[in-house]
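Just below is one structure, and these are the notes that go with it.
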């Protein structure tokens, strides 16, 4: 087994060739219904928000087929509600029970694990009845009551690193979840605020956050957001998704988070930084080759 070492300040971080060898058993349990290559990265993918059952079924079907062919363990993602929008007139969802029921239908139809984000502690139990992973939005990564409520459901908790937080500081989010009795934790890098209307990715965060003893995922789409605080609509730079993803795999990310849509131009949320669904297969093919090269 080849070990890749990163010298990081006074620490030595040694990612193994497979996240399943080094990380908690919860990952193997999560993907027990899938056939995949354990040396591959994990993919979390789907639309930004549930727009219709037909749409999420189309996306899940296509992404599942691609991942099965490439041996990639796959988690379906869709937000059942969008609480964090720039403008009060933006689409926020179809209704909690309806959207969560649709996500659950995807789970059952394709035998896939699923994730959605929650925004308040009261949502943890509700969403946890329908998904396997509760995602904590970046803006809320320091919200103690939210982290504790998610932890107490017993579900896997995926915390997105705040745009204002260092990778090292994310150890406090990990500690909060563990102290609440839950060791099933994932951290996700999603860029750092650069000025008022842009983000940059510091790839040092990947080995730093892995040093907290948890799998680390790279959010390849939200890290390319360009918040527009005057127009009320967030922009993006989707042509750089491939660059972000390649660098993440090369620097030791255990998984990738990619929001995708058949037609991002008409998406009801984050269309400006989503990957067109037809472009996903060729991208993942390249990334699996990079993964093999760096192990």
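I need the Debye-formula profile for region 84-196: one equal scatterer per C-alpha, no solvent, reported as log10 I(q)/I(0) at q = 0.13, 0.15, 0.23 1/Å, two decimals.
Values, matching the q order: -0.52, -0.68, -1.27.
So how many Å³ per residue does the convex hull of the Cα atoms of the chain work out to? Before the final figure, lay out each step's value.
On the way: hull volume 34.8 nm³, N = 295.
Per residue, the Cα convex hull of the chain comes to 118 Å³.
For region 147-295, which semi-axes, largest first and in whole Å, follow from the square roots of 5 times the eigenvalues of its Cα gyration tensor?
Those come to 26, 20, 15 Å.
Please compute the contact order of region 33-157 in relative form: average sequence separation of alpha-carbon pairs under 8 Å and at least six residues apart, divided by the residue count, as a percent.
Working: 205 pairs, mean separation 26.8, N = 125.
Once normalised by length, the contact order is 21 percent.
For the chain, modelled as a Gaussian network with Cα springs under 10 Å, which listed residue fluctuates most, 114, 169, 60?
169
Please give the Cα centre distance for region 69-83 versus region 165-183, rounded to the nearest Å.
23 Å
For the chain, what is the calculated [θ] at 222 nm in deg cm²/dmol (nearest 500), taking -39500 (n - 2.57) for each run of four or more DSSP H residues and dividing by its residue count?
Details: 10 runs with 97 residues, N = 295.
Rounded to the nearest 500, the figure is -9500 deg cm²/dmol.
Please state the relative contact order of the chain as a whole percent: Cα pairs under 8 Å, 6+ residues apart?
Reported as a whole number, the value is 17 percent.
When the convex hull of the C-alpha atoms of region 113-178 is computed, what volume per residue in Å³ does it have? Don't skip to the end; give the middle numbers.
Working: hull volume 4.7 nm³, N = 66.
Once divided by residue count, the hull of region 113-178 is 71 Å³.
Readers should treat all values here as calculations from the given coordinates under stated rules, not as data from a laboratory. Model, not experiment: these values are computed from the prediction.
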